[in-house]
1. Enumerate the pairs (first residue in region 50-74 and acidic (Asp, Glu); second residue anywhere and surrounded by fewer than 15 Cβ atoms within 10 Å (Cβ to Cβ) and not in a helix (DSSP H, G or I)) with beta-carbon separation below 6 Å, excluding pairs fewer than 6 apart on the same chain, so at least 6 apart or on different chains.
2. Could you say whether any residue in region 45-68 is away from ligand 2 (no atom under 16 Å from the Cβ), modelled with pLDDT of 50 or more, touching a strand residue (DSSP E or B) at 6+ places or on another chain (Cβ under 7 Å) and over 29 Å from ILE410 (Cα atoms)?
3. What residue, of ARG407, ARG489, is in contact with a helix residue (DSSP H, G or I) (Cβ under 7 Å, 6 or more places away or on another chain), of a type in the set (Lys, Arg) and not in a helix (DSSP H, G or I)?
4. Taking only pairs six or more apart or across chains, which ones have beta-carbon atoms under 6 Å, a first residue in region 336-362 that is within 18 Å of LEU292 (Cβ to Cβ) and within 10 Å of ligand 1 (Cβ to nearest atom), and a second residue that is not acidic (Asp, Glu) and not in a helix (DSSP H, G or I)?
5. Pick from region 75-105 the residues that are more than 16 Å from ligand 2 (Cβ to nearest atom) and among the polar types (S, T, N, Q): which of them is surrounded by the most Cβ atoms within 10 Å (Cβ to Cβ)?
6. Of the residues that make up region 460-471, is at least one modelled with pLDDT of 90 or more, outside any helix (DSSP H, G or I) and not hydrophobic (A, V, I, L, M, F, W, C)?
7. Out of region 101-139, which residues are farther than 30 Å from PRO429 by Cβ and within 12 Å of ligand 1 (Cβ to nearest atom)?
8. Could you tell me which numbered condition GLN295 fails, if it satisfies all but one of (1) farther than 21 Å from ALA408 by Cα; (2) in contact with a Leu (Cβ under 7 Å, 6 or more places away or on another chain); (3) more than 16 Å from ligand 1 (Cβ to nearest atom)?
Amino acid sequence: MKRLVNFQEKDEATAEDWKFSDSIDPSTTIRSNKRQKGNGNKDNKIDRASIKAKRSEMLNFRKQLPIYSGRDAIIQTIRDNSTVIVMGETGSGKTTQIPQFIREAGMISTKAGGIAITQPRRVAAVNLAKRVAEETVTQLGGQVGYTVRFDDTSSPQTIIKYLTDGMLLREILSDELLFRYKFIVLDEAHERTLRTDMLFGMIKKIQRIRHEKAQAGEDVEELKIVIMSATLDAEKFSEFFNGAKILYVSGRLHPVDTLFTQEPQADYLDATLVTIFQIHTKSPPGDILVFLPGQDAIESLSSLVNEYSSQLRPRQQKLMSCPLFAALPPSQQQKVFDPAPANTRKVILATNIAETSITIPGIKYVIDCGLAKMRGFNPKIGVESLLLHPISKSSAWQRTGRAGRERAGICYRLYTEDTFRELEDDTVPEIRRCNLAAAVLSLKASGIENVLDFDYMDRPSRASLVRALEELYALGAISDAGTLSDLGRKMSEFPLDPTFSKVIIKSAEYKCSMEVIAIISLLSVDAIFFTPSDKREQATEARRKFLHMDGDHLTLLNVLKGYWEVKGDPEWCRENFINIRNMKIALDVRNQLIQFCERLGISPTTSCGTDTDQVLKCFLTGFFQNTALLQPDGSYKSVAGNQLVKIHPGSAMFTKRVEGIMYNELVFTTKHYVRGVSAIQSSWLPQAAPKYFNNVTNK
Ligand code: CDP
Ligand code: MG
């Protein structure tokens with residue numbers, strides 16, 4: 001390597017926090033089990049003896065977990081209290097064991113109600129359900145199941161259900177007091193995602209109402225709540241949940257040496273790569289977990305790692321990179337959990353999904369770049385941002401802890417100790433920094449009319465709540481009286497942002513449901529095209545044949561048509577620089593959206609044929625606020641907010657000058673960039689949103 005990243009040796013992580021007396025013998029740790037894979041249809045035939053053997057193998061594993069020694073005390077506390085807060089290190093067994101303890105103690109059943117465990121991330125929900133089905137030696141989708149957006153693997157028999165926080169919010173729409181559950185576990189509470197924060201207030205209210213009903217002699221089961229977290233201000237949570245009992249599970253962490261860089265690093269990707277090779281060439285075996293801000297950073301580093309590792313001497317230990325981010329399909333995520341092949345060191349390149357949501361075996365080294373991509377929102381001009389931000393101290397410690405799960409480890413922080421001292425203690429809850437339109441719509445649909453007075457753990461600013469109400473009003477989701485309209489109710493049934501739901505509902509009127517559903521599915525994934533840094537020109541050239549003169553929406557549709565023509569041929573995708581993985585995810589989303597439409601009586605096959613203006617007009621009924629008009633100097637200014645916006649270089653409209661544009665998103669990175677851009681005519685605007693444009697012109 002040309003250059004070294006110099007780390008300053010520091011003893012900080014050997015502080016008491018990171019040392020625990022007893023340690024797991026790694027030889028008894030069962031690695032994430034892939035044996036069950038492929039067993040699917042043979043399960044019925046597995047004889048009793050092997051089920052028994054499997055059960056006892058699993059029980060032995062479970063007994064090794066730190067949480068297991070506290071089993072009886074945990075069960076008792078949960079029995080005696082209506083709300084319990086459980087704190088414990090990642091990997092100690094909270095998420096997989098507590099639901100099993102509750103079941104084993106006979107507290108849940110199909111009759112009395114089951115247990116729902118929420119996760120901020122879909123991957124975590126799916127993996128945890130698989131793991132617990134395995135531990136209980138049952139079929140996934142039977143007693144143990146999961147529900148995530150666009151994938152429901154649960155049945156009426158399911159009594160332990162892992163689901164995303166968003167799905168539980170949706171279940172409240174059809175089962176207002178969540179009678180199907182006796183327990184709600186709000187997991188990963190420290191992440192403070194928007195939806196988990198909404199659930200705090202809603203579940204607390206549901207618990208109160210069920211309690212009042214039970215007191216009044218109605219035949220109603222009380223609701224028990226468990227809040228779980230790796231790090232959080234337990235006292236604050238306890239206070240919010242009426243003085244809930246706090247339980248601490250001591251983790252088993254081995255000492256972790258934390259090293260800071262001596263100098264700030266200008267290029268974190270380069271510094272990461274250099275550090276990976278420093279470890280690989282100089283340090284004993286053990287896998288490396290790298291924390292990176294997002295999919296793009298992960299993908300570019302992944303190809304760099306592979307490139308460099310192909311240059312290693314034949315007899316040297318190999319390096320294998322395994323990306324891990326939320327949008328990655330489960331089959332590829334699995335690689336992260338499988339043991340590395342012989343003579344190979346795994347380098348897991350992850351977003352903060354690996355911070356607390358999932359535990360990966362085999363890690364000895366952690367590289368923390370110190371950054372995360374964070375959403376931000378400016379309610380005054382309605383601009384969302386997705387910017388690189390320094391992480392908080394509590395995040396940094398979580399990342400560090402990942403190195404000490406199975407044995408002593410080392411954490412390389414790619415920032416200086418001074419930088420660390422300046423970090424915020426905790427991450428700001430998402431509810432204080434994002435667009436609240438979807439949240440407010442779902443509060444309203446759940447019967448909480450006065451969203452300003454809702455019981456928030458951390459109250460969002462009044463300005464952002466008012467902005468959300470205005471946006472929903474302009475979309476027609478709330479009436480003049482401020483109540484949810486019929487359209488608003490329909491919109492809340494889609495698991496989509498309100499703007500998208502509106503467009504789908506309106507597509508029946510504009511006779512272009514087929515096109516709209518396809519485009520929305522394609523917009524729901526990160527990117528359909530990929531551009532390798534060394535083949536930029538070929539990629540641009542290949543893309544040209546899909547370009548539609550009216551912009552990105554219809555270009556995406558062309559890609560899908562091409563993909564269908566060749567029946568998804570992987571070779572064709574490679575030649576055309578189309579990300580087949582994302583394409584498949586998009587098609588999966590499309591199938592789900594079709595089902596939603598059928599349920600709401602919207603025919604998903606209605607097509608506008610060649611009259612593609614209909615598609616753009618229809619999108620405008622949701623995205624009328626995401627529009628900008630051409631200025632005499634050739635720039636574009638947004639209709640809402642009069643903001644100068646630039647078309648992203650990746651857009652089909654990048655070099656075009658048209659009267660008006662509509663965009664999927666306006667994101668502030670270095671400039672105010674718009675992405676997912678199409679040409680519109682300004683005369684279409686009043687028809688798309690009469691309420692909004694009457695208001696604007698009256699002002
Ligand atoms: O919730 P918490 O972080 O406390 O731990 P958990 O998710 O319940 O995981 C407990 C242990 O189960 C982990 O340390 C892993 O050893 C194992 N596990 C696994 O092997 N595969 C999974 N998909 C999840 C957990
Ligand atoms: Mg957990």
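The values are calculated or read from the model by the stated rules, or taken from the named source; none is laboratory data. What you see is a predicted model, and the numbers here were worked out from it, not measured in a lab. Cβ placement follows ideal geometry from the backbone for every residue including glycine, while neighbour counts extend to all protein chains displayed.
1. So the pair list comes out empty.
2. Scanning region 45-68 turns up no residue that is away from ligand 2 (no atom under 16 Å from the Cβ), modelled with pLDDT of 50 or more, touching a strand residue (DSSP E or B) at 6+ places or on another chain (Cβ under 7 Å) and over 29 Å from ILE410 (Cα atoms).
3. Just a single option satisfies the conditions, and that option is ARG407.
4. Pairs that qualify, where the first residue is within 18 Å of LEU292 (Cβ to Cβ) and within 10 Å of ligand 1 (Cβ to nearest atom) and the partner is not acidic (Asp, Glu) and not in a helix (DSSP H, G or I), are THR356/THR90; THR356/ALA230; SER357/ARG121.
5. THR83
6. Within region 460-471, one or more residues are modelled with pLDDT of 90 or more, outside any helix (DSSP H, G or I) and not hydrophobic (A, V, I, L, M, F, W, C).
7. Residues satisfying the conditions are ALA133, GLU134, GLU135.
8. Here GLN295 meets the rest and fails (2).
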